[in-house]
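Participant: Just passing along the structure, written as structure tokens.
The values are calculated or read from the model by the stated rules, or taken from the named source; none is laboratory data. All of these numbers come straight from a predicted model, not from anything done at the bench. So basically every Cβ, Gly included, is an ideal-geometry build from the backbone, and we count neighbours across all protein chains shown. We work out accessible area using only protein heavy atoms, side chains counted, and drop any ligands, DNA or RNA first. Shrake-Rupley method; radii C 1.70, N 1.55, O 1.52, S 1.80 Å.
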Amino acid sequence: MLRTLRVLLPVAIALVSCTKGDKVPAYIDVNAVSVTTEPLQGSATSNITDVWVYADDELLGSWEVPSRIPLLREGSTRIRITPGVKRNGAFDDRSIYPFYTSWTGSVDVMRTTSVELTPVVGYNEAADFWIEAFEDPGFAFFSLEETDTLLRFTPQTDPAIVLDESPCGGFIVRPENSYARFYTDEDFSATGGPTFLELDYKSNITLTVGVLFTLDGIAQAEPYVYVAPSDRTDPSMPWKKIYIDLSPVFNLGISQRDIYFEASLPSGQSEGVVYVDNIKLVR
């Protein structure tokens, strides 16, 4: 019996060592995901906050960017990265963005070491765009009142304001004109699938994004998302990007859909400013 134990003990130790070694991971680092665009797809600005990662078609989970992602593999591995966003800007509502492609590539991985990936994705071929980038004469938005003025800011006149060295739009509310609304007049049709509004913005007041529509012959205006100020404390008000999921609105039995922006001057504030750019309705 003693002799038997002496034989089995080294074997057991060897098996345990082997098992532990098999669980030593390799790593891939995903620090950011960027977007590239084709003609007629507008700007390549993005705010990809999460990724769904697959190794040889096995889901490794969803990860906030940047992340170091462990995988129990060694050698050539096919990695697929699918980008996700904060839907409607909500911290706890993260989903795969249906209009971005996935990045795929073969990576040689080795246990205990890491490989840095820099994925670049684009829009899928089925995406259809309506865009207001404030680069053409005139605006695609109309004002509710004659006193409401949508302004264009250019790199030549306002280099500290614009994004990507291209024109942007914006408006200002003051005590003498403390409310403004701007809307499209496109009568967008139903889509029967996902529909998102992409928006680059910076502001020091809350911006309301809403939908105009007709239901049972009655015109209605419905606030949809309240976009918080990009930064109340930073005078430069950094640009941010939001993805607003309008799918429910574009799949309801309503007609004459349009989008509006509105803002009011908060009590005690002398001036409110909102800048917007690269407005895309993607469906």
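Participant: With mean projected area of the Cα convex hull in nm² defined as stated, name the option among [x] 15.9; [y] 18.9; [z] 22.5 computed from the structure displayed.
Facilitator: Step by step, mean projected area of the Cα convex hull in nm² for this structure corresponds to label [z].
Participant: For the chain, what is the relative contact order in percent, using Cα pairs closer than 8 Å and at least 6 residues apart in sequence?
Facilitator: This gives 19 percent for the chain.
Participant: Projected onto the charge dipole of region 71-211 (+1 at Lys/Arg Cβ, -1 at Asp/Glu Cβ, origin at the Cα centre), which of LEU150, PHE196, MET110 gives the Cα projection farthest towards the positive end?
Facilitator: Highest projection toward the positive end goes to MET110.
Participant: Roughly how many debye, to the nearest 20, is the charge dipole of region 92-132 about its Cα centre, given +1 on each Lys and Arg Cβ, -1 on each Asp and Glu Cβ, and no other charges?
Facilitator: For region 92-132, the charge dipole is close to 280 debye.
Participant: With +1 on each Lys and Arg Cβ and -1 on each Asp and Glu Cβ, and nothing else charged, work out how big the dipole of region 161-260 is about its Cα centre, in Debye to the nearest 20.
Facilitator: The calculation lands at about 300 debye.
Participant: Here is a further query. Count the lysine pairs in the chain whose Cα atoms sit under 15 Å apart, keeping only pairs 8 or more residues apart in sequence or on different chains.
Facilitator: Lysine pairs satisfying the spacing and distance rule in the chain number 6.
Participant: Then there is this: Write down the accessible area per residue of region 108-255 in Å², having rolled a 1.4 Å probe over the full set of protein chains.
Facilitator: Per-residue value: 52 Å².
Participant: Determine the dipole magnitude for the chain: charges of +1 sit on the beta-carbon of Lys and Arg, -1 on that of Asp and Glu, nothing else is charged, the reference point is the Cα centre, and the result goes in debye to the nearest 20.
Facilitator: It comes to approximately 1960 debye.
Participant: For the chain, what does the helix formula give at 222 nm: sum of -39500 (n - 2.57) over DSSP H segments with n ≥ 4, over the residue count, nearest 500 deg cm²/dmol?
Facilitator: Mean residue ellipticity, 222 nm, calculated: -2500 deg cm²/dmol.
Participant: Considering only C-alpha atoms, what is the centroid distance from region 114-174 to region 184-228, in Å?
Facilitator: The two parts, judged by their Cα centres, are 16 Å apart.
Participant: Leaving out ligands, DNA and RNA, what percent of the accessible area of region 143-237 is carbon and sulfur, probe 1.4 Å?
Facilitator: Answer for region 143-237 is 49 percent, counting heavy atoms of protein chains only.
Participant: While we're looking at this one, here's another question. Output the 0 to 90 degree angle, nearest 10, between the alpha-carbon long axis of helix 2-22 and the longest principal axis computed from the alpha carbons of the chain.
Facilitator: Result, in degrees: 20.
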